[in-house]
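Beneath this line is the structure, given in structure tokens, with notes to follow.
Since every read-out is calculated from the coordinates, none of them should be taken as a lab result. Keep in mind that what you see is a predicted model, and the values were worked out from it rather than measured. All Cβ positions, glycine included, derive from the backbone under ideal geometry; neighbour counts span all protein chains shown.
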Amino acid sequence: MSFNLCIFEDEHFNRLYPLSLTRPVYELRCGISLLREKIIRHFPESPLFLFCRDYLADTMREAMPDIPVNEMPTDNCLFINGRFALGEKFTVLSTQEIVWKNNNEVAAARVSASRLSSLSKQMRDGVLPISCFEGLPVEEIEGTFIRYPWDLVHHNPEQIHRDFVGFNRGGQIFGKIYPNVTLLDEKNIFIGADAKIKPGVVLDAEAGPIYIDEGATIMANASLQGPLFVGAKSAIKMGAKIYEGTSIGEACKVGGEVETSIIQSYSNKQHEGFLGHAYLGQWVNLGADSNNSDLKNNYSTVKVYVDGEIVDSGSLFVGLTTGDHAKCGINTMFNTGTVVGVMCNLFGSGFPDKFIPSFTWGGAEGNETYAVDKALETARRVMERRGKELTHAQENMLRHVFELTARERIQPGE
């Protein structure tokens, strides 16, 4: 049975701000893989079509030049909501039109070619509202919806395990293991080619799998506990303590103490300090001895600022969430559930506010708008240091985010 695979954003992309300000929701990591990669693994033979907000389309075309973006196919399609991680048992057995829901949210839909023209007309700025699929027969589906940033973090341990099982690479050691390295439950460990595990390292996979990708370096005397993912060409610094439920993307540098957190890629937390139940976007840098709280002193559930409103997470554990290109100086202290927007530069003593709007310059003692041209120039320098270029499409996207978030930066009385 052939069909096109269409991964789309629905109207709730804003619940994942600031992480989704600079990328489609399906480009977020949960476990070893991005949400998009998890979906594609289910249907490797199906032609892929991606749908996202219009202002993100050029950056997606640049990143994936062979994949149509915001182009409606002409033949039968399986639409998958980009915020949904499919259950392992999901299959498409019928050619009939149908919508699958999970807890009353549209997770996926099988749509015939005759309905695609109607879907195109209902699409708004690249977003497919879930009302597009009204009127189709409904079935319940297993899987995991990602509704808020903390969902990515809380589901991360189980998703690492699911991805690891799906890859079926346990017990495969291709990298270099130096003397005096301890591997606990080696059948639950994968080490990719050209990875280096230096003396004194402990890889403890007894409570969950450890996946260390190609070219990663685990420096001397670091202790890593599964379930855990370390991305390609990332470095874990000497003596680091990386606890269960952590995913570290490509080309990151991570040290100190990290627990149940996700770091997207090209981000650094090199020094001592605690990061827990946190999600760091791309090109983030935390200064030495920076810490975040992930548990309130009164052990009540953590409330988090999400796109203009305060949302009760329902969880005791929520740490720091930062958008792309955020930076903080040494000894920065983040309260429980703090949200830092895109392109922020924070410094100074005291605790910054629990919500820092995108393109903010300053800290607890006061802040101002981070001029977009200056912010982009810093981003250029940072990326050049890693052999990357801030492209025209990326710059246009970031300038759009600056305008999109302008109202957040209005000071009282303005």
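Side notes on the structure shown:
- The label-point distance for residue 67 and residue 131, in a model that sets each label 7 Å from Cα toward Cβ, rounds to 2.9 nm.
- Translational D in µm²/s for segment 12-143 (Stokes-Einstein at 4 °C, 1.567 mPa s, Kirkwood Rh from C-alpha pairs): 84
- FRET efficiency, 1/(1 + (r/R0)^6) with R0 45 Å, evaluated for residue 113 and residue 257 via beta carbons: 0.25
- Separation of alpha-carbon centers, segment 236-286 and segment 333-373, rounded to whole Å: 20
- Counting every other Cβ atom within 10 Å of each residue's Cβ, 141, 263, 197 order from fewest to most as 141, 197, 263.
- Estimated from the Cβ-Cβ distance and a Förster radius of 60 angstrom, the FRET efficiency linking residue 139 and residue 299 is about 0.90.
- Difference of contour (0.36 nm per residue) and Cα-Cα distance, residue 14 to residue 96: 26.3 nm
- When each of the peptides 129-137, 22-30 is scored by the mean number of other C-beta atoms lying within 10 Å of its residues, the order from highest to lowest reads 22-30, 129-137.
- Across segment 285-296, coupling constants 3J(HN,Hα) worked out from phi with the 6.51/-1.76/1.60 Karplus curve, θ = phi - 60°, read 9, 9, x, 4, 6, 6, 9, 10, 8, 10, 8, 6 Hz, and Gly and Pro carry x.
- Burial ranking of peptide ranges 338-347, 168-177, 32-41 (average Cβ count within 10 Å, highest at the top): 338-347, 32-41, 168-177
- Between residue 373 and residue 168, the distance separating the two model label sites (each 7 Å from Cα on the Cα→Cβ line) works out to 5.7 nm.
- Hz values of 3J(HN,Hα) by residue in segment 364-370 - Karplus curve (6.51, -1.76, 1.60), Gly and Pro given as x: 4, 8, x, 8, 8, 5, 7
- Multiplying each eigenvalue of the alpha-carbon gyration tensor of segment 153-409 by 5 and taking the square root yields semi-axes of 32, 21, 16 Å, largest first, rounded to whole angstroms.
- Of the GluC sites (Glu not before Pro) in segment 173-268, the ones in a loop by DSSP (not H, G, I, E or B) with at most 16 other beta carbons within 10 Å are 206, 214.
- Taking amide H as placed 1.01 Å from N in the peptide plane, residue 262 has its amide H under 5 Å from the amide H of 247, 278, 279, 280, each at least 5 places away in sequence or on another chain.
- Couplings 3J(HN,Hα) of segment 114-126, computed from phi: 5, 8, 5, 4, 5, 4, 4, 5, 8, 5, 10, 6, x Hz, in residue order, whole Hz [Karplus 6.51 cos²θ - 1.76 cosθ + 1.60, θ = phi - 60°; x for Gly and Pro].
- Per-peptide average of other Cβ atoms within 10 Å, ordering 230-243, 358-371 highest first: 230-243, 358-371
- Cα lying deepest toward the dipole's positive end in segment 5-44, options 18, 8, 35, charges on Cβ: 35
- Segment 234-358, relative contact order [Cα under 8 Å, separation at least 6], %: 18
- Mean residue ellipticity at 222 nm, helices only, the chain: -5000 deg cm²/dmol; runs of at least 4 DSSP H residues each add -39,500 (n - 2.57), and the sum is divided by the number of residues.
- Positive contributions from Lys and Arg (+1) and negative ones from Asp and Glu (-1), summed over other residues with Cβ under 13 Å from the Cβ of residue 123, come out at -2.
- Distance violations [Cα-Cα > 29 Å] among 187/253; 101/327; 269/354: 101/327
- In this structure, residue 202 and residue 272 have a Cβ-Cβ separation that, at R0 = 22 Å, corresponds to a calculated FRET efficiency of about 0.75.
- Its relative contact order, with pairs defined as Cα atoms under 8 Å and 6+ residues apart, puts the chain at 10 percent.
- For segment 157-298, the alpha carbon convex hull comes to 94 Å³ per residue, rounded to a whole number.
- Distance (nanometres) between label positions extended 7 Å along Cα→Cβ at residue 103 and residue 214: 3.7
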